Amino acid sequence: MMKNFSKSDKVSSFAKIVNKEGKNIYKVGQEGSTAFSTFSQEETSAFTRVINSVLEHDKHVQKLLPINPDNMDLYPSLKDGIILCKLINLVENKIDERVINIKDNLNVFQITENLNLAINTAKVIGCTVVGINSTTIIEQKYTLILGLLWQIIKQVMMKDISLKNHPQLIRLLKDGETLGDLLKLPKEDLLLRWFNYHLTKAGHPDQITNFSGDIKDSVKYTVLLNQLNKSTCDKSPLDENDLTKRAEKMLNNSKKLGVESYITPKDVNNGNSKLNILFTAAIFNHCHGLDPATEQEAYDAAKLLNDDVEGTREERAFRNWMNCLGIEDLYVNNLYEDVKDGTILLRVFERISPGCVDWKKVDKHPNNKFKKIVNCNECIDAAKKCGFSIVGIGGTDIHDGNKKLVLAVVWQMMKHHTLKVLGNKSEDDLIKWANEMINKEPKLTSFKDKSLKNSLFFLNLMSAIESRAINWDLIVQDKDDNESLENNAKYAISVARRLGASIFLVWEDIKDVKITIILG
């Protein structure tokens, strides 16, 4: 019989294996064991405050909120997967909430479904989840849970920090940089530049290079807040010599602006970069202090971001797939820009087909165009060794960021990897297997079959795999309008992820029968 988990579960049963070590670090391990891992209580508290704030009005989690930020209640609150799913949807609406198991007293099967849904969708929004599965959260592996939660919460807080939402961020370009250089920056770097932009405008002599030691004395925070609103945020915190009291006064200034700090004065003094990023993002979101974009700035930003919708969808899918391969220190922010020197593609080639890269020919830190093109040519050689079709594609095309040709190469990489994971199956093998599983007419003959657009084939396949997977009352089977196609596709995608599938498509890919994404 399956054990039921109550939403009100607390951590009293874990008390004997959780001990304070130092000021803000907890040591966790099995009682009697010498093996321990450590994690930050200050991060636990801050993330809890963020969750309480951003999900305050969500009806499905009201029984769980507010979570106490001063103890370990956060972790059992995440155990049924509902809060994780809700947080992910605040980043991008990727989870069909009809698929989330919402009711009280979920059993282990239902909890596992929710956690699979959350973890597999976290991959889609760009989170690295290597070593994390449903058991990680059910068994309360605090360090891993905190790592996943940080990635999601960071995206929640920073989702609007982009050229698309704020074209005036073009002003953060440095001399000699192009718009493409700005586009490929991680959002933390954009936030750092924004902070320094206002410090410069305020006439402050120094800039920050990090979100830790450079701002732990609260001086630059005080200057930033004063620059954003001189009438509300004065510089009186600078008159305070005690750093904790100074941080307290600075945070009081931020509250006058209506900014949720999520952190404490001690957190500021300790220089925790994660918490400072959250606080700085909260300031930006509430009061970025940038004048409206000029007509030229808006035009330049729009031109930079004016990809065709289909190309953008593919770029996002392939980029997030690459980020989820678990390659150390590899994270792609912008596919076309980040692959230009060849190094990232070569590392992905090595992961999906070990030995296909001749590393003797590779410059791992290319500092000029010639070296970068040599690397890109090695990408083409690796593609040939993998049996890819690359007629008309050269290393220069990758270096130049030719979107169509870059997508052509990366799609074949993703397809190669997917089929290899499935046991070196071919497309025909997959079609034969699916037809045998469903055992209905008409049979699928190709992944280009337009009948796939209503998602019924995929829904029937998942039902054949797990008879309880589909609630057919939610499926539209006799209409072909856009709304019906969208509802079916969104439901099918979320069910697939709930069953444990790692897929990177969006509902439009199914509606358009986009084989390059469907096969992945």
> Given the residues T143, T128, T178, which is the only one that is over 25 Å from N107 (Cβ atoms), of a type in the set (S, T, N, Q) and not assigned by TED's automatic domain parsing to the domain that holds I82?
Replying inline: T178
>> For the range 246-269, which positions are buried (at least 19 other Cβ atoms within 10 Å of the Cβ) and of a type outside the set (D, E, K, R)?
In response: A247, M250, L251, N253, S254, V259, S261, Y262, I263, T264, P265, V268
> So is L179 surrounded by fewer than 20 Cβ atoms within 10 Å (Cβ to Cβ), touching a residue at least 40 places away in the same chain (Cβ under 8 Å) and not charged (D, E, K, R) or not?
Replying inline: yes
> From the list D189, D206, which residue is at pLDDT below 95, loosely packed, with under 15 Cβ neighbours inside 10 Å and part of a helix (DSSP H, G or I)?
Replying inline: D189
>> Just the residues that are under 13 Å from K256 (Cβ atoms) and of a type in the set (A, V, I, L, M), please, taken from the range 209-236.
In response: L225, L228
>> Go through the range 321-366 and report how many residues are aromatic (F, W, Y) and crowded, with 17+ Cβ neighbours inside 10 Å.
In response: 3
> How about the range 288-396: which helices (runs of 4 or more DSSP H) wholly inside it have at least 1 residues that are within 22 Å of the chain's Cα centre (by Cα)?
Replying inline: 295-305, 309-323, 335-338, 343-352
>> With the requirement that a residue be in contact (Cβ under 8 Å) with a residue 60 or more places away in the chain and touching a Cys at 6+ places or on another chain (Cβ under 7 Å), what does the range 149-168 give you?
In response: I152
> Given I111, I145, I137, I208, which one is closer than 17 Å to S77 by Cβ, in contact (Cβ under 8 Å) with a residue 12 or more places away in the chain and out of contact with any Ser or Thr (no Cβ under 8 Å at 6 or more places or on another chain)?
Replying inline: I137
> Of the residues K420, K425, K443, K448, which is out of contact with any Phe, Trp or Tyr (no Cβ under 7 Å at 6 or more places or on another chain), part of a helix (DSSP H, G or I) and on the phi < 0 side of the Ramachandran plot?
Replying inline: K420
>> Checking T280 against (1) over 17 Å from L191 (Cα atoms); (2) of a type outside the set (A, V, I, L, M); (3) in the same structural domain as L190 (by TED's automatic domain parsing), only one condition comes out false. Which one?
In response: (1)
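The values are calculated or read from the model by the stated rules, or taken from the named source; none is laboratory data. Given the structure is predicted, the values throughout are model-derived calculations rather than measurements. Reconstructed Cβ throughout: ideal geometry from the backbone, glycine too, with neighbour counts over all protein chains shown.
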